[in-house]
Amino acid sequence: MTVGVAGLGIIGGSFAKSIKAGTSHKVLGWNRTRSTLEYAIDVGAVDAELTEENVSQCDIIVAALPPAALVSWVRSFAPFLRRGTVFVDACGVKRAVEKDIEPISIEYGFIYVGGHPMAGKEVSGFTVSSETLFKGASMILTTPDGSESFTVSALKPFFYSLGFGRVTVTTPEEHDRMIAYTSQLCHVASNAFIKSPAAQKHSGFSAGSFRDLTRVAKLDENLWTELFFLNADNLADELELYIGHLNEYLTALRTGDEDSMRDLLREGRELKEESRK
């Protein structure tokens with residue numbers, strides 16, 4: 001099988017490397033910066049460049065590009081895709097992407113499945129990509145009604161061969177609701193937390209909890225602004241709820257209410273324990 005990978009950053013690069021490590025598939029790669037593409041070919045993560053001339057060879061294409069760049073790439077390459085080619089994106093939002101790509105897929109006859117690998121690091125670029133990035137991670141696939149289509153069923157073995165431990169199938173709407181909480185809110189909270197003046201003086205006073213909470217403050221502000229605003233309704237709801245809970249702790253402190261603080265902390269602990277079940 002021939003697999004195309006568009007976008008060779010940490011996610012696309014890890015797709016290319018895990019395909020080469022875990023399968024016998026041929027990998028064709030595309031990247032906006034040519035030097036990155038050439039390096040990926042040199043290290044054996046990519047067999048050859050993905051072009052308009054050879055994209056029709058692909059059975060599956062995985063595109064790991066920011067939303068606007070993704071849609072632009074699809075519009076450019078769609079006329080050259082073979083009918084029936086399966087196209088999976090790796091964007092962190094799904095409703096907006098599906099709205100733009102689904103009509104193009106219908107027009108040109110390729111099969112679109114929304115995707116989102118739940119893996120990553122606080123750094124970016126091909127040089128930090130890894131063939132083990134997806135080990136044990138969840139790969140989210142979306143369909144309009146959240147049902148497991150024939151194509152999704154056929155894709156599962158492919159993603160498991162790359163190291164994913166789970167394939168979750170859902171709707172674009174549910175994806176965006178959940179990701180607003182499990183990913184986007186975490187990045188906002190981390191980015192806001194690091195703005196305390198104390199953060200610049202933490203050396204010698206911090207340990208694992210500080211590292212964990214500040215890890216994703218180091219982000220690509222252009223990418224995450226795009227993702228936040230394409231999911232603004234869900235993220236704003238989660239952020240409002242979070243701020244409300246923080247204000248409960250603040251009120252307990254300001255009023256000297258130890259019983260309320262104890263109750264708040266116990267509730268959080270119990271919910272954390274419950275979430276592991």
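Data overview
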read-out: Heavy atoms of K121 accessible to a 1.4 Å probe, total area in Å² rounded to 10; value: 100 Å²
read-out: Helix axis angle, 150-161 relative to the chain longest principal axis, alpha carbon, degrees; value: 80 degrees
read-out: For the chain, with +1 on Lys and Arg beta carbons and -1 on Asp and Glu, the positive-most of T142, V128, V3 along the dipole; value: V128
read-out: Extended-chain gain in nm, criterion 0.36 nm per residue less alpha-carbon gap, S149 and I243; value: 29.9 nm
read-out: Exposure of T33 as accessible area (Å², to 10), given a probe of 1.4 Å and all protein chains; value: 50 Å²
read-out: Residue-normalised accessible area of the stretch 53-160, expressed per residue, 1.4 Å probe, Å²; value: 42 Å²
read-out: With every protein chain in place, the stretch 1-154: carbon and sulfur % of accessible area (1.4 Å); value: 50 percent
read-out: Rounded if a/c under 1.5, otherwise prolate or oblate - the stretch 1-123, Cα gyration tensor axes; value: oblate
read-out: Relative contact order (percent, whole number), the chain, Cα cutoff 8 Å, 6+ residue spacing; value: 16 percent
read-out: Beta bridges by DSSP in the chain, antiparallel share as percent, to the nearest 5; value: 15 percent
read-out: Counted charge near W30, where neighbours are those whose Cβ lies closer than 13 Å (Asp, Glu -1; Lys, Arg +1); value: -3
read-out: Net charge, G4 excluded, C-beta distance under 13 Å - Lys, Arg +1, Asp, Glu -1; value: -4
read-out: Size of electric dipole in the stretch 1-143: Cβ of Lys, Arg +1 and of Asp, Glu -1, about Cα centre, debye, nearest 20; value: 260 debye
read-out: Helix axis angle, 221-230 relative to the chain longest principal axis, alpha carbon, degrees; value: 90 degrees
read-out: Anisotropy class of the stretch 116-242 from Cα gyration tensor, a/c 1.5 cut; value: oblate
read-out: Set of lysines near K135 by C-alpha distance (under 19 Å), chain-local residues within fewer than 8 positions excluded; value: K17, K20, K121, K156
read-out: The stretch 122-217: relative contact order in percent, alpha carbon pairs under 8 Å with at least 6 residues between; value: 29 percent
read-out: Computed over the stretch 8-62: relative contact order in percent, which uses C-alpha pairs under 8 Å that are six or more apart; value: 34 percent
read-out: Solvent-accessible surface (1.4 angstrom probe) belonging to K218, in square angstrom, nearest 10; value: 130 Å²
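The values are calculated or read from the model by the stated rules, or taken from the named source; none is laboratory data. Source: prediction; values computed, not measured. All Cβ positions, even for glycine, are placed from backbone atoms using ideal geometry, and neighbour counts span all protein chains on display. The protein model used for the area step is the full one, side chains on, heavy atoms only, and it has no ligands, DNA or RNA in it. Shrake-Rupley method; radii C 1.70, N 1.55, O 1.52, S 1.80 Å.
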